[in-house]
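Structure first, commentary second.
Every number in this text was worked out from the coordinates using simple rules, so none of it is lab data. These numbers come from a predicted model, not from an experiment. We place every Cβ from the backbone using ideal geometry, glycine too, and count neighbours over all the protein chains shown.
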Amino acid sequence: MKGDSEESIDLLSFAVRLRRMTAEFNRIAHEFAHEHGLHPTDVQALMKIFDAPSPITPSRLREELNLTSGAVTACLDRLERAGHIRRVRDAHDRRVVHLHYLGAAQELAAVFFRPLGRSTDNVLRRFSPEELRTAAAFLDAMNEELEALRAEPGSH
């Protein structure tokens, strides 16, 4: 499976590749969590907060991570104490809280994940723009399917 371009590309080979990549990403995230006194769930929360197109609410984060309200509150308390996030009340509806990833924390993460960024850039340069569009389309479609699967009760 290692780089053999003649190998058949089927469901099993994709599953193995995706699991291997996911395991490596998880290992790196766990290292970041350990180095910064965080729980792996805290790192998942940080990624969701960072990747959100606009400030996310704790309830939306709870849904995204499939956690209880208490678990999300504990996670956010840890992240706030560690200086990674800030909770900001909405100016128009004080009941609504938005989560903001702080700039200093983003820089801390950027430094830690810089080698991963370099590795990703090295891989990107190996492929043509058309190949990258195809890979991105696959990843987008896969994420859409995973989101739909998550929405179906009891379907893992």
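Per-residue ellipticity at 222 nm, computed for the chain from helices alone with -39500 (n - 2.57) per DSSP H run of at least four residues, works out to -22000 deg cm²/dmol. The residues neighbouring His39, those whose beta-carbon lies less than 15 Å from its own, together hold a net charge of -2 under the Lys/Arg +1, Asp/Glu -1 convention.
Over segment 11-102, the ratio between the Cα radius of gyration and 2.2 N^0.38 Å evaluates to 1.23.
Provide the convex hull volume over Cα atoms per residue for the chain, in Å³. Intermediate values should be presented prior to the final figure.
Numbers: hull volume 24.5 nm³, N = 156.
Spread over its residues, the Cα hull of the chain gives 157 Å³ apiece.
Magnitude of the Cβ-charge dipole of segment 11-102, K/R +1 and D/E -1, about the Cα centre, nearest 20 debye? Can you show the working numbers first?
On the way: 14 positive and 11 negative charges, 24 e Å.
Magnitude of the dipole: close to 120 debye.
Among Val16, Val97, Val72, the largest mean-square fluctuation in a Gaussian network model of the chain, built with springs joining Cα atoms closer than 10 Å, belongs to Val16.
Among the helices of the chain, those built from whole DSSP H runs whose Cα atoms reach 30 Å or more along their own axis and whose mean Kyte-Doolittle hydropathy is at least -0.5 are 11-35, 129-151. What's the longest bit of the chain with no exposed trypsin sites (Lys or Arg not before Pro), using DSSP loop states and at most 15 other Cβ atoms within 10 Å as the test? Counting only loop sites that pass the neighbour cut-off, the longest clear stretch is 3-93. A simple charge model with +1 on the Cβ of Lys and Arg, -1 on the Cβ of Asp and Glu and nothing else charged puts the dipole of the chain at about 700 debye relative to its Cα centre.
For His84, His100, what's the fewest-to-most ordering of other Cβ within 10 Å of each Cβ?
Details: His84 26, His100 14.
Going from sparsest to densest Cβ surroundings: His100, His84.
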